[in-house]
Structures are given as structure tokens and as C-alpha cells.
Amino acid sequence: KWTFRKYDFVISSLLFAKDRPDVLLKAVQDLCHDQVGALAVKNVCYRELPSEVLEYADEKGLPIFMFGRDDAYFEDIVVCLKSKIAERDNLELQEHRISLFLRGELDLKGQRELNRELLPNRVEPYRILYCFIRGENGEKIRDYRRYYLDRERSRQPVFYYRGGCFAVIYLAGEKEEKTEKLYARYRDVLLENLRMPPESYWIGAGEVHEDPEELLSAMKEAICAEKYAQIAGKSRVFFRDTGIWQILLPCWSQEWFQRFSRRIIQIILEFDRKHDGDLYQTAEQYVKKFGNIQEVAETMHLHKNTVRYRINKVRELLDMEEDASFDMQIFMAFMIDELNQLFKTDF
């Protein structure tokens, strides 16, 4: 009694029950009462467990593993498990340090240590990828951190971060690579280290950098490109191809950006609430279609004049009838609003 705690992983040769199968059921009942995580049995005394023991374990949801005499020693299993626990703890610590690094909250010493850790090869030009796993696979991978990479086995380090991972791609002395050559490179890296094809991710690729001290910028570029890939519904995006999002993605969650967007959006939503209108939806489509009235009308199944009337109503509400910056301001406000809906924070 009181030997085991909740979620413990119990390993036994069942020597205490040798030639006494009658005591096994009571032992398993006690383990279930203690809510241990699993039982692993080395088949020294029993090649198979009694059926009533297995049925009870199944009923209570207790996993039982059987392993042979030559499969492993208890000491090896304990050492291996401790190593994996330490590895998990190290990954969580590293993720926390990366988060501080990206937010500019890591002290200078910590920055330099993390920089050397994430970028061990400080001679060759490099590019950072940020890969975010899609859908149900993402939840599974994020839980188990399966994509941890032993850095001693690879020149292309991979680091877990917020449901995805950073991959460092060295360019082998080249300042730039052709697009398809780079795609082939990161396909190999992902397949080798993450055990999933590139199509399972949204992938953002930063610019090529030669200075190791530019690692922070390189990582932010990769995250921004990955977020744009989600917005645009593309599987892979280079930072240089994100257009005006290069400005918005790094800082849209800051107070001034939020205040600007909220003021415009709330005026439109308030009108819709009072008059059961569709100005918000129309303005949203206006932004998505880059101001093309014809495309907005086709998407919403409206006459072009109806779309024009609604957009002019938005101008009136915002007191921008004669303001040449109307399109610029409403585009910015709705792009920030879209980011609010898709993401909680920037980095």
C-alpha cells in the first residue's frame, strides 16, 4: 500500500507471485486503485497472464506490456525513461527561452547562449523555416514532441515552438538557392527528422542571412511567412512574397494597431446591429477582393450598385466621403481584424 502514485509506470517480473497466480488479480486491482499509468511485465515467471487479470485490466483501462528475458534489463528501461523525461523537460525549457528571445525579453547573456545553441554552424549562410503542423496530426505531434532532433546526428537543427518547429537550413556556402532546390532540401529535412511530409505543414521561409547575430530577424521572418501561408491557404510561403503583411504580421497585436482597427470595425458593426445590415460582410469582401466591386457583387450575389451603395455608406459612417485614404484605412483595419480572428498573439 502507498507504493505507487497516480500515473506511475510500473515494471515487474512478478516474482512475488511466482507459482501463485491467485495473488495476481488482487495486485492488479491495487494498481488500478492507485491509478498507475501502465504495467510492464518481464516474462520471467509468467509467459502469459491469467485471463481474469487481463479482463480486469481491460475493463479498468490499465495497459499491460509483456517483454522477453532478452529484450531489456530493468536498469536499461529506467535509464531510458529518465532520459526521455529529461529530454521533454529540456524541450519545454528551450521553447520558453525561444519565446522570451522572440519577444525581446531575454537578457544579453541568454540571447548569446540561445543563439549558439540554435545556430551551431556560424560560418555558412542560413535560412530559417517555421513549420506548423495542420489539423489532427498537429495535436498528436504537439502532445508528444515526436519531432525532437538529436543535434549530434544532423547538420540541420530542428527546434519545437508553439505547435510547430523551426528548422535551420544551411546553404552550403551559397548566398541563395533556386526555389525548387530549397523545396527539395526542406522536404528531406522534414521527412528525416519529423517523419511527416511537407504537405502536412504550413511552412514559412525567411530570408537568407549570413550574420549569426541576425538569427532573431530570421526566425521572425519565418513565423510571419508561415502565418501568411495560413491566411492565403498556401502550403509554403517565402517572407519576401508576403507583401504588406511584412509590416502587419510582426506587430498587429500591439495596442496602437488594435485601437485603430477596433475603432473602424466597431462603427460598422454597430450600424449592422441597429439596422440588421450587412455592411461588415460587404466591407470584408471588398478588402478580400482588393476593392473590385464586380468580384464582390458576384461573390455575394448582389448587384454592383448595391455593393457601391454599401461601401459609400461605410465611407459616410467613417466620415471619409472625401478622404482619398479610405481604401488604405479600411484595408488595414480589416486585415488586422482577420489576424485577430486567426491568431491570439504575434510571436
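Starting from the coordinates of the alpha-carbon atoms of region 229-303, obtain the Kirkwood hydrodynamic radius over all distinct pairs and give the value in Å to one decimal.
Roughly 14.6 Å, rounded to one decimal.
Divide, for region 54-96, the radius of gyration over alpha carbons by 2.2 N^0.38 Å, where N is the residue count. Walk me through the intermediate numbers first.
Working: Rg = 15.5 Å, N = 43, 2.2 N^0.38 = 9.2 Å.
Normalised Cα radius of gyration, region 54-96: 1.69.
Compute and list, largest first, the equivalent-ellipsoid semi-axes of region 17-129 from the alpha carbon gyration tensor, each √(5λ) rounded to a whole angstrom.
48, 17, 11
Considering only protein heavy atoms, what is the solvent-accessible area of C45 at a probe of 1.4 Å, reported in Å² to the nearest 10?
My reading of the accessible area for C45 is about 40 Å².
Could you check the spin-label model distance between R88 and R263? Points 7 Å from the Cα along Cα→Cβ, value in nm.
For the pair R88/R263, the computed spacing is 4.9 nm.
In 5 Å bins starting at 0, how do the alpha-carbon pair distances of region 219-347 split up by percent?
In order of increasing distance, the bins hold 2, 10, 19, 20, 19, 14, 10, 4, 1, 0 percent.
Rounded to the nearest 10 Å², what accessible area does D107 have for a 1.4 Å probe in the complete protein model?
100
Cα-Cα over 27 Å: which of K6/K84; K227/K274; K274/K344; K288/K313; K109/K227; K18/K60? Numbers along the way, then the final one.
Working: K6/K84 19 Å; K227/K274 35 Å; K274/K344 29 Å; K288/K313 18 Å; K109/K227 30 Å; K18/K60 24 Å.
In this structure, K227/K274; K274/K344; K109/K227 lie more than 27 Å apart at Cα.
Largest first, how would R310, R127, R5 line up by accessible area (1.4 Å probe)? Write down the numbers at each step before the final one.
Numbers: R310 45, R127 5, R5 170 Å².
Solvent-accessible surface, decreasing: R5, R310, R127.
Using DSSP to call loops (not H, G, I, E or B), can you name the GluC sites (Glu not before Pro) in region 31-128 whose Cβ has at most 15 other Cβ atoms within 10 angstrom?
Working: sites: E48, E52, E55, E59, E75, E87, E92, E95, E105, E113, E117; in loops: E48, E105.
Sparse-neighbourhood loop GluC sites (Glu not before Pro): E48, E105.
Just to make sure I understand: if all protein chains stay in place, what is the order of W245, W252 by accessible area at 1.4 Å, largest first?
Numbers: W245 30, W252 5 Å².
Ranked list, largest accessible area first: W245, W252.
Sort S12, S217, S261 by heavy-atom solvent-accessible area, probe 1.4 angstrom, most to least.
The most accessible residue leads, giving S217, S12, S261.
I need the Kirkwood Rh of region 296-347: take the reciprocal of the average 1/r across all distinct C-alpha pairs and report it in angstrom. Intermediate results must be reported in sequence, preceding the final value.
Values: mean 1/r = 0.0784 Å⁻¹.
In region 296-347 this quantity evaluates to 12.8 Å.
The values are calculated or read from the model by the stated rules, or taken from the named source; none is laboratory data. Being a predicted model, the structure only gives us computed values, none of them experimental. Reconstructed Cβ throughout: ideal geometry from the backbone, glycine too, with neighbour counts over all protein chains shown. Areas reflect the complete protein model, heavy atoms only, side chains present, ligands, DNA and RNA absent. Shrake-Rupley method; radii C 1.70, N 1.55, O 1.52, S 1.80 Å.
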